[in-house]
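Working notes for the structure below.
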Amino acid sequence: MKMHSADCELCNGDGGEVLHYAKEFRVVLVDDASYPGFCRVVWNDHVKEMTDLPVADRSTLMAAVCKVESIVRAVMQPEKINLASLGNMTPHLHWHVIPRYADDAHFPSPVWAEAQRQPSPSTLEQRQALLGALRSAISEQF
């Protein structure tokens with residue numbers, strides 16, 4: 001039986017554009033114009049913490065996170081990848097996979113910090129242009 005919470009946005013919505021849906025998790029592309037390629041790996045059942053999962057499910061989830069990271073790195077060519085599982089605002093287990101660049105709005109701080117600069121619109125357009133390739137790569141490699 002699937003665990004669900006009526007007031008959870010990740011139980012009641014996808015959390016982004018679904019690029020891959022598996023029985024246990026989904027991979028979504030976040031609509032964030034400042035961070036093209038920002039993905040989430042969302043556990044489908046409503047659980048709050050990694051340790052709420054059996055060990056085998058933890059391994060399944062982390063393998064998916066690592067696979068998404070690898071694909072984002074290959075396609076988006078970032079300086080760095082940030083992985084985060086916060087859940088303070090949305091206590092539903094999910095991992096953020098965020099490509100980071102030295103010229104992004106917040107680098108080297110987290111994307112949730114105060115912006116330090118305005119990224120170049122042409123640079124953001126170039127990164128947006130890679131999203132089709134990212135969608136295809138995730139679809140093909142899962």
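The values are calculated or read from the model by the stated rules, or taken from the named source; none is laboratory data. None of these values were measured; they are calculated from a predicted model. Neighbour counts run over all protein chains shown; Cβ positions are idealised from the backbone, glycine included. Note: accessible area is taken over every heavy atom of the protein model, side chains too, but ligands, DNA and RNA are not part of it. Shrake-Rupley method; radii C 1.70, N 1.55, O 1.52, S 1.80 Å.
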- Query: Going by the structure shown, is T90 surrounded by fewer than 18 Cβ atoms within 10 Å (Cβ to Cβ) and part of a helix (DSSP H, G or I)?
  - Reply: no
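Is there a residue in segment 54-70 that is open to solvent by 40 Å² or more (accessible area, probe 1.4 Å), touching a residue at least 60 places away in the same chain (Cβ under 8 Å) and farther than 30 Å from C11 by Cβ?
no
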- Matching option when the condition is modelled with pLDDT under 95 and within 27 Å of A113 (Cα to Cα), among N88, N12: N88
- Task: Those residues that are out of contact with any strand residue (DSSP E or B) (no Cβ under 6 Å at 6 or more places or on another chain) and of a type outside the set (S, T, Y), I need them from segment 84-98; list them, please.
- Result: L86, G87, N88, M89, P91, H92
- Message: For segment 17-31, give me each residue that is within 23 Å of M62 (Cβ to Cβ) and either among the β-branched types (V, I, T) or open to solvent by 30 Å² or more (accessible area, probe 1.4 Å) (or both).
- Response: E17, V18, H20, Y21, K23, E24, V27, V28, V30
